[in-house]
Amino acid sequence: MRMSDFVLGTLVLILGCAIFASASELAPARHIKFGPGFLPSIIAVGLVLCGSTLMIRDVVTNGRPKFSISLPDWDHTPGWTKKALLLGAALVIYPIILPIAGFLIATPIFLSLLLRAGAITWPRAIVLSTITTALAQLVFVDVLGVPMPWGVLQNFQIILTVF
Amino acid sequence: MAVFFEALSLLFDPFVLLVILASASGGIVLGAVPGLTATMGIVLLIPFIFYMDPIPGIAAIVSLTATAIFAGDIPGALLRIPGTPASAAYTDESYAMTKNGQVELALGISLVTASVGGMIGALLLLFLAPPLAKFAISFSSFEYFWLACLGLTASIIVTSDDRIKGFISLFIGVFIASIGIDPVTGMSRFTGGFEILLGGLGVVPVLVGLYAVSETIRGFGEAQTHKPPANFEIKNVFRGVGKTIFLYWRSFVQGNIIGSLLGALPGAGADIAAWIAYAVSKRFSKQKEKFGTGHPEGLVAAGASNNAAISSAYVPMMVFGIPGDSLTAIVIGIMFVKGLNPGPTIFLNDPGIVYAIIFSFFLANLLMLPLGYLAIRGARHLVRVPKNVMLPLVILFSAIAAFASSNMVFGISALFVMGVLGWIMEANKVPIAPAVLGMILAPMIEQNFLKSLMISRGSIAPFFDRPIAGVLAVVTIITLLLPLIGWIKRLYFTRQQNRMV
C-alpha cells in the first residue's frame with residue numbers, strides 16, 4: 001500500500017502524538033528522575049519531527065499537499081482482489097482456529113487458502129497442504145519437540161505422535 | 001608448548017571428533033531452519049552433555065554454535081528469512097545478490113568468511129584472551145550506552161536513500177521494543193490492558209515478520225508466481241569467493257577486528273558486531289552507492305564479524321567467569337557441573353582443557369566448510385520450487401518459528417501483524433533494517449542510560465569524562481552529524497559555484 005509522503009507523514013505524526021500522550025501518563029517512581037515514559041517520549045518527539053518534515057517536504061516538492069494511497073504491484077495483476085482476500089483470510093483465520101482446532105486441522109486449511117491465492121487448484125492445494133502438514137508435524141512436533149497446540153485432537157495425541 | 005600438545009591429544013580422541021562432527025552437522029540443520037536457534041539446539045544437547053567428559057561436552061556446544069550461526073545465512077540469502085538478528089544485518093544484501101543471479105557467490109562468501117572469521121576469532125582467543133578480557137571488563141553501563149547508540153547510528157548509515165524515513169523506521173523499532181514491561185521499573189507500557197502484551201512482541205516474530213512475511217506478501221502480488229525463479233543455479237559456491245575477499249580485504253579485516261572486539265563484550269556480541277561491521281564497511285567503501293543492491297563488500301565484512309564474535313564471546317567467560325550471552329551462560333553451568341572453575345585460575349589449574357576448548361573452535365570452523373557446502377548444495381532444491389508453492393511454505397515455517405519462540409499462538413499473530421507492517425513500510429520506501437536494530441538495541445540503551453544516571457546520581461558528566469565512553473560519545477556524535485555536515489558542505493560549494501557563474 002503506497003502513500004504519498006504527505007499521507008505517510010500525517011500518519012507518523014499522529015502515531016508520535018499518540019505515543020507521547022500515552023508516555024506522559026507513565027510517571028516515574030519517586031526515587032528516580034526518569035521513568036518508563038522517558039524513552040517513549042523521545043521516540044514520540046522524533047516521530048513528530050520526522051512526520052512533520054515529510055509533510056513539509058511533500059508540500060515543497062509538489063507545491064501543494066499530495067493525498068494519494070494506492071496498491072503497488074497488486075492492482076495490475078490478474079485476479080488480485082481474490083488473491084488479496086484469500087491471503088487476508090488466511091492470515092486472520094489461522095491464529096484464531098489454531099488453538100481450537102489444533103495444528104493438524106488448522107494448518108491444512110491455512111495452507112490451502114495460501115496455495116489457492118497462488119492460483120493452485122483446490123484439489124492440488126488440499127493434497128499439498130495435507131502432505132506438508134504431516135511432514136511439519138513429524139519434523140517440528142515429533143522430532144524437535146515444538147509444542148504446537150493439539151486443539152480438539154488433544155485426546156488423540158498419543159496415537160498421532162510418532163516418537 | 002607441552003600444554004598445546006596435551007590439548008591436541010585431548011581433542012583428537014575418536015569420540016571427541018565424532019561428537020564435534022555430529023554437533024556441527026546438527027548446528028547446520030538447526031541454523032538453516034528458520035526459527036530454530038543455536039540456544040534451542042544446546043538445550044536439546046544438555047541431557048547428552050551431562051554424561052560426557054568436559055572436552056566433548058563443551059566441544060559439542062562450540063561446534064553447534066559455530067555452524068548454526070553460519071547456517072542462518074542460507075535462508076537469509078534464499079528466502080530473505082534471517083536466521084539470527086546478527087544475520088539480519090546483511091540479509092537484504094545477500095537476498096539482492098540472489099535475485100541478481102549471484103546466489104553462489106552470496107552463499108560462498110557467507111561460508112568462507114564465517115569459517116575464516118571464526119578461526120581468526122579463535123586465534124585471538126588463544127593469544128589475546130587476557131588483554132581482551134581486561135578491555136571487556138573496563139566497560140560499564142556508560143560505555144554500553146554509547147556503544148548501543150553507536151550501533152543505532154550504524155543503522156542510519158546502512159540506510160541508503162531517505163534518512164528521514166530511516167529515522168522513522170528506527171523510531172518504530174524502538175517503540176516496538178518498548179511494548180511490554182519497562183526493564184528498569186517493571187511498569188507496563190503500551191499494552192492497552194492486554195496481559196498478553198506484557199512480554200512484548202518478541203524478537204523472532206518481529207524479525208521474521210518484517211523480513212520474511214512482508215517479502216512473501218509482496219511475492220503474492222507478483223504476476224508470474226507459478227514459474228521457478230530464473231538464474232538460480234548452485235553448483236560451485238567457492239567460485240569467485242577468494243577473488244572477492246581479496247578485492248575487499250580491508251572490509252574483511254575490519255569485520256574480523258570489529259567482531260572480535262565487540263564479541264568479547266558481555267551482552268553486546270554478534271548482533272551489534274555484524275551491524276557495525278556492515279555500516280563501517282559501507283562508510284569507508286569506494287562504492288557506497290552499490291550497498292543494498294547486491295554488493296558483496298558488506299557481506300564480506302559482516303559475515304566475518306558474525307563468527308569472530310562467537311569465538312571472542314568466550315573470552316570474558318573463560319577469563320572472568322562472566323557469561324557473554326545465553327550460550328556462554330549455559331557453558332559456564334556445564335563447566336561447573338564438570339568440576340571446572342571458569343575464571344582467572346582455569347588457565348593455571350586446567351590449561352590443557354582450556355586450550356582443547358579453544359582448539360575445538362578451529363576444528364568446528366574448519367568442518368564448517370565441507371558441511372556448509374553440503375548444506376548449500378542441499379538447499380539448492382529450495383530455489384527450484386515455484387514461488388506460488390514456496391511462499392505458503394515460508395509463511396508456515398515463519399509461523400512455526402514464531403510459535404516456537406514464545407510457545408504462544410500470540411507469537412503468530414504478532415508475526416502476521418509485523419509482516420503487514422513490513423510490507424507497508426517497504427512499499428513506502430521506509431527501510432526495515434533500522435527498525436530491527438532499533439528493536440534489538442533499545443533495551444540496552446534504556447537500561448544502561450537509566451542505570452548510569454542512578455550510578456552518577458543524575459549527573460551526565462561521567463557519560464563523557466570516562467575515557468572509553470568519551471571516545472565512543474565523540475564517534476557517535478560525529479557519525480550522527482556527518483549527514484548534516486555533508487549537506488552544509490554541498491550547500492556551501494553550490495553557492496560558491498553559483499557566485500562564480
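The values are calculated or read from the model by the stated rules, or taken from the named source; none is laboratory data. Remember, it's a predicted structure, so these values are computed and weren't measured experimentally. With ideal geometry, Cβ positions are generated from the backbone for all residues, glycine too; neighbour counts draw on all protein chains shown. Heavy atoms of the whole protein, side chains included, go into the accessibility calculation; ligands, DNA and RNA do not. Shrake-Rupley method; radii C 1.70, N 1.55, O 1.52, S 1.80 Å.
Each residue in segment A:1-56 was checked for being farther than 20 Å from B:Leu170 by Cβ and of a type in the set (S, T, N, Q), and 2 pass. Quick check: anything in segment B:110-121 open to solvent by less than 10 Å² (accessible area, probe 1.4 Å), over 17 Å from the mean Cα position of the chain (by Cα) and small (Gly, Ala, Ser)? Scanning segment B:110-121 turns up no residue that is open to solvent by less than 10 Å² (accessible area, probe 1.4 Å), over 17 Å from the mean Cα position of the chain (by Cα) and small (Gly, Ala, Ser).
Is it the case that A:Gly102 is at positive phi and surrounded by fewer than 17 Cβ atoms within 10 Å (Cβ to Cβ)? Against the criterion (at positive phi and surrounded by fewer than 17 Cβ atoms within 10 Å (Cβ to Cβ)), A:Gly102 does not qualify.
Scanning segment B:47-61 for residues that are at pLDDT 80 or above and open to solvent by less than 10 Å² (accessible area, probe 1.4 Å) yields B:Pro56, B:Gly57, B:Ile58, B:Ala59, B:Ala60, B:Ile61. Filtered by the rule that a residue be polar (S, T, N, Q) and either more than 11 Å from every other protein chain (Cβ to nearest Cβ) or under 25 Å from the mean Cα position of the chain (by Cα) (or both), segment B:377-397 gives no residues.
Would it be correct to say that B:Leu348 is touching a residue at least 40 places away in the same chain (Cβ under 8 Å) and part of a helix (DSSP H, G or I)? Don't jump to the end; show me each part of the working.
Numbers: touching a residue at least 40 places away in the same chain (Cβ under 8 Å): no; part of a helix (DSSP H, G or I): yes.
No: the conditions fail for B:Leu348.
The number of residues in segment A:46-57 that are within 8 Å of chain B (Cβ to nearest Cβ) and aliphatic (A, V, I, L, M) comes to 2.
Checked against (1) modelled with pLDDT of 85 or more; (2) open to solvent by 10 Å² or more (accessible area, probe 1.4 Å), B:Val206 passes all but a single condition, namely (2).
In segment B:238-303, counting only helices (runs of 4 or more DSSP H) that sit wholly within it, the ones holding 2 or more residues that are open to solvent by 50 Å² or more (accessible area, probe 1.4 Å) and among the β-branched types (Val, Ile, Thr) span B:249-263.
Can you say whether A:Gly16 is under 30 Å from B:Ser452 (Cβ atoms), part of a loop (DSSP other than H, G, I, E, B) and either out of contact with any strand residue (DSSP E or B) (no Cβ under 7 Å at 6 or more places or on another chain) or open to solvent by less than 50 Å² (accessible area, probe 1.4 Å) (or both), as far as the supplied structure shows? Against the criterion (under 30 Å from B:Ser452 (Cβ atoms), part of a loop (DSSP other than H, G, I, E, B) and either out of contact with any strand residue (DSSP E or B) (no Cβ under 7 Å at 6 or more places or on another chain) or open to solvent by less than 50 Å² (accessible area, probe 1.4 Å) (or both)), A:Gly16 does not qualify.
No other residue among B:Arg189, B:Arg163 is within 14 Å of chain A (Cβ to nearest Cβ) and touching an Asp or Glu at 6+ places or on another chain (Cβ under 6 Å) apart from B:Arg189.
Among the residues of segment A:117-163, those identified as in contact (Cβ under 8 Å) with a residue 40 or more places away in the chain and more than 12 Å from chain B (Cβ to nearest Cβ) are A:Trp150, A:Val152, A:Leu153, A:Gln154, A:Leu160.
Is one or more of the residues making up segment B:306-318 surrounded by fewer than 19 Cβ atoms within 10 Å (Cβ to Cβ), among the aliphatic types (A, V, I, L, M) and assigned to a helix (DSSP H, G or I)? There is no residue in segment B:306-318 that is surrounded by fewer than 19 Cβ atoms within 10 Å (Cβ to Cβ), among the aliphatic types (A, V, I, L, M) and assigned to a helix (DSSP H, G or I). Within segment B:5-28, being open to solvent by 60 Å² or more (accessible area, probe 1.4 Å), within 30 Å of B:Val208 (Cα to Cα) and touching a residue at least 60 places away in the same chain (Cβ under 8 Å) holds for one residue alone: B:Leu21.
Tell me the residue from B:Leu198, B:Leu125, B:Leu105 that is under 30 Å from B:Phe403 (Cβ atoms) and in a helix (DSSP H, G or I), please. Steps first, answer last, please.
On the way: B:Leu125 fails: under 30 Å from B:Phe403 (Cβ atoms); B:Leu105 fails: under 30 Å from B:Phe403 (Cβ atoms).
None of the others qualify; the one that does is B:Leu198.
Checked against the criterion of being open to solvent by less than 10 Å² (accessible area, probe 1.4 Å), modelled with pLDDT of 85 or more, within 11 Å of chain A (Cβ to nearest Cβ) and assigned to a helix (DSSP H, G or I), the candidates B:Ile445, B:Ile400, B:Ile424 yield just one match: B:Ile400. For segment B:466-499, the set of residues classified as charged (D, E, K, R) and surrounded by 12 or more Cβ atoms within 10 Å (Cβ to Cβ) consists of B:Arg466 only.
Is there a residue in segment B:80-93 that is open to solvent by 30 Å² or more (accessible area, probe 1.4 Å) and modelled with pLDDT of 80 or more? Yes, segment B:80-93 contains a residue that is open to solvent by 30 Å² or more (accessible area, probe 1.4 Å) and modelled with pLDDT of 80 or more. In the set (1) out of contact with any helix residue (DSSP H, G or I) (no Cβ under 6 Å at 6 or more places or on another chain); (2) at the interface with chain B (Cβ under 9 Å from one of its Cβ atoms); (3) modelled with pLDDT of 90 or more, A:Ile43 fails one condition alone, (1).
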